[in-house]
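Note sheet for the following structure.
Values quoted throughout were computed directly from the atomic coordinates according to the rules given, and no laboratory measurement underlies them. What you are looking at is a predicted structure, and each value in this text was computed from that prediction instead of being measured. For neighbour counting, all protein chains shown are included, and Cβ atoms are generated from backbone atoms with ideal geometry for every residue, glycine included.
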Amino acid sequence: MSDALLGSIVRLQVQRDPLKTPGAGYDPTPILAVEAAAVGPLGMVGRHAGAWVVDAHHGAHPRSRAGGRRALSIGFTTHYAAMADHFGSVPLGCAGENIIVETDRLIGQEDLEGDLVVATDAGPLILTGARVATPCLEFTSFLLGRPGVARRDEIATDVAMLGEGIRGFILQVAHLEHPMTMRLGDEVSVRGR
């Protein structure tokens, strides 16, 4: 079975601390772009300035988020273009995905059926179980430039715009036996089942 190329990794990043304070707001300043990333069964760590930085969703982070349900996430450049069309300026990576892939089309859940394959120097890194990252009121309010967090009924159309994967996708990593390193430029494909 052949793989369908999605594109190449143009940004890798970690969240040094949680970005969202439920009901209080969203702050992207803890996002750190990294040179390389190691992904293992507990999540991702990023290589920056000669050291490894643990992502806030990694099982070893002191304030680990989501109980391992969101160990790794992926987004796409075309999704940032769609967000910018709707909200205005949207800096690449501000949604906090760990991996951002350059592609020329919108990617939906149906495009990610199967395994995601990252072609690394050490061989294929297989990521499974892609599911839509549910958009939240905090991130949507941030994109709208609103102080605090808006009520759902006030911004329901904007939250809906971020659905269907525009906000990104969550990937599973618990099946990995050991960490593997990926780098900018590595190609990402989908291998159907």
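Could you sort the peptides 22-29, 38-45 by per-residue average Cβ neighbour count (10 Å cutoff), highest mean leading?
38-45, 22-29
Using only the Cα atoms of region 50-115, what do you get for the radius of gyration and for Dmax, in Å?
In Å, with Rg to one decimal and Dmax whole: 14.2, 38.
Over the Cα atoms of region 136-193, each weighted equally, I'd like the Debye log10 I(q)/I(0) at q = 0.19, 0.20 Å⁻¹, rounded to two decimals.
Log10 I(q)/I(0), no solvent term: -0.80, -0.83.
Over the chain, what is the mean sequence separation of C-alpha contacts under 8 Å (at least six apart), divided by residue count, expressed as relative contact order in percent?
This gives 32 percent for the chain.
Would you mind ranking S2, S73 so that the residue whose beta carbon has the fewest other beta carbons within 10 Å leads the list? Don't jump to the answer; show the numbers that get you there.
On the way: S2 7, S73 22.
The most exposed by this proxy come first: S2, S73.
Hey, what number do you get for the chain at 222 nm if only DSSP H runs of n ≥ 4 count, each worth -39500 (n - 2.57), divided across all residues, to the nearest 500?
-4000 deg cm²/dmol
To the nearest Å, what is the center-to-center distance of region 146-193 and region 1-61, using C-alpha atoms only?
For region 146-193 versus region 1-61, the Cα centre distance is 11 Å.
Relative to the compact-globule scaling 2.2 N^0.38 Å, provide the ratio for the alpha-carbon radius of gyration of region 1-67.
1.29
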